[in-house]
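The block underneath contains the structure these notes are about, expressed in structure tokens.
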């Protein structure tokens, strides 16, 4: 499917997530610095950047586990800053999250982990819940592991189990925090294929935070690049592919993005690191 065909699947008027002028600081350090982003219904948006760039902090604002110092996040048209706890909890039932580790409860079987949100947030009888658990595990290719404990399955299987739990309530949005982290290349590719299959079959909007470029270019419809808390570029995957495959532009910001997505050892990122003072580079504070 071409990039044009891909983008045509989305109603660009249906923005389900809107991040506006988001600012967040910790201990005097500005982690997010005026970030703006819109995510359209049905697309897969990949948010990428190096360690410490602010991408996980941005994700936590999107799900309402952090609140900004300035700016706001809208989810389904609702400003998260303005919601009380009850309204926020209700809104959270409309999205699912795959955490980096899978975040399974070790005292529960795989099936019990998937059943948990159904038991907590629905009035379904137990027989129906058991059927739903089997359906969700089948969707991630893990029905055979229903009665296994988390300690008995691999890292990739834990990610799949976590994803089955994330889709248990048929969410409209799925958030993924480093879904390929710690996985071998084959398992990572399988997880990527699963993300694409679920997006296509379930029609969900996907927001994926990652620094794994092979994964990013496999799954993205659009991409967003963060650096030092600032949003450098948002665009369709094709624009980032052209930047990756083309020559240096002479524009430091674009060349920084190019270096990151290519994994080059020389470029604006490494020059910035080498020019920084030792204390600033190591501790994030300027030398006297």
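A single member of 288, 281, 266 is outside any loop (DSSP other than H, G, I, E, B) and at pLDDT below 90, and it is 281.
Take residue 118 and tell me if it is farther than 14 Å from residue 161 by Cα, assigned to a helix (DSSP H, G or I), under 20 Å from the mean Cα position of the chain (by Cα) and modelled with pLDDT under 95. In short, no. Annotation: of all residues in the range 48-100 being in a strand (DSSP E or B) and free of Cβ contacts under 8 Å to residues at least 40 places away in the same chain, the one that is farthest from residue 229 (Cα to Cα) is 78.
Quick grid of which residues meet (1) buried (at least 18 other Cβ atoms within 10 Å of the Cβ); (2) outside any helix (DSSP H, G or I); (3) within 26 Å of the chain's Cα centre (by Cα); (4) at pLDDT 85 or above:
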position	(1), (2), (3), (4)
193	no, no, yes, yes
201	no, no, yes, no
208	yes, yes, yes, yes
215	yes, no, yes, yes
226	yes, yes, yes, yes
250	no, yes, no, no
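One line per residue, one yes/no per condition, for (1) out of contact with any helix residue (DSSP H, G or I) (no Cβ under 7 Å at 6 or more places or on another chain); (2) surrounded by 20 or more Cβ atoms within 10 Å (Cβ to Cβ); (3) at pLDDT below 90:
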position	(1), (2), (3)
18	yes, no, no
29	yes, no, yes
35	no, yes, no
38	yes, no, no
72	no, no, no
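Restricting attention to the range 123-141, and to residues there that are touching a helix residue (DSSP H, G or I) at 6+ places or on another chain (Cβ under 8 Å) and assigned to a loop (DSSP other than H, G, I, E, B), which single residue is surrounded by the most Cβ atoms within 10 Å (Cβ to Cβ)?
Ranking the candidates gives 140 first.
Between 189, 168, which is on the phi < 0 side of the Ramachandran plot, surrounded by 15 or more Cβ atoms within 10 Å (Cβ to Cβ), within 20 Å of the chain's Cα centre (by Cα) and in a loop (DSSP other than H, G, I, E, B)?
168
Do we have residue 162 as closer than 25 Å to residue 109 by Cβ, assigned to a loop (DSSP other than H, G, I, E, B) and either in contact (Cβ under 8 Å) with a residue 24 or more places away in the chain or more than 16 Å from the chain's Cα centre (by Cα) (or both) here? No. Scanning the range 235-248 for residues that are at pLDDT below 90 and exposed (fewer than 12 other Cβ atoms within 10 Å of the Cβ) turns up 246, 247. Confirm whether residue 144 is loosely packed, with under 14 Cβ neighbours inside 10 Å, more than 24 Å from residue 209 (Cα to Cα), at pLDDT below 90 and in contact with a helix residue (DSSP H, G or I) (Cβ under 9 Å, 6 or more places away or on another chain). Against the criterion (loosely packed, with under 14 Cβ neighbours inside 10 Å, more than 24 Å from residue 209 (Cα to Cα), at pLDDT below 90 and in contact with a helix residue (DSSP H, G or I) (Cβ under 9 Å, 6 or more places away or on another chain)), residue 144 qualifies.
Among (1) over 23 Å from residue 215 (Cα atoms); (2) in contact with a helix residue (DSSP H, G or I) (Cβ under 8 Å, 6 or more places away or on another chain), which single condition is residue 92 missing? The number of the failed condition is (2).
The number of residues in the range 137-159 that are more than 20 Å from residue 189 (Cα to Cα) and within 24 Å of the chain's Cα centre (by Cα) comes to 1.
The values are calculated or read from the model by the stated rules, or taken from the named source; none is laboratory data. Everything quoted here is computed from the prediction, not taken from an experiment. So basically every Cβ, Gly included, is an ideal-geometry build from the backbone, and we count neighbours across all protein chains shown.
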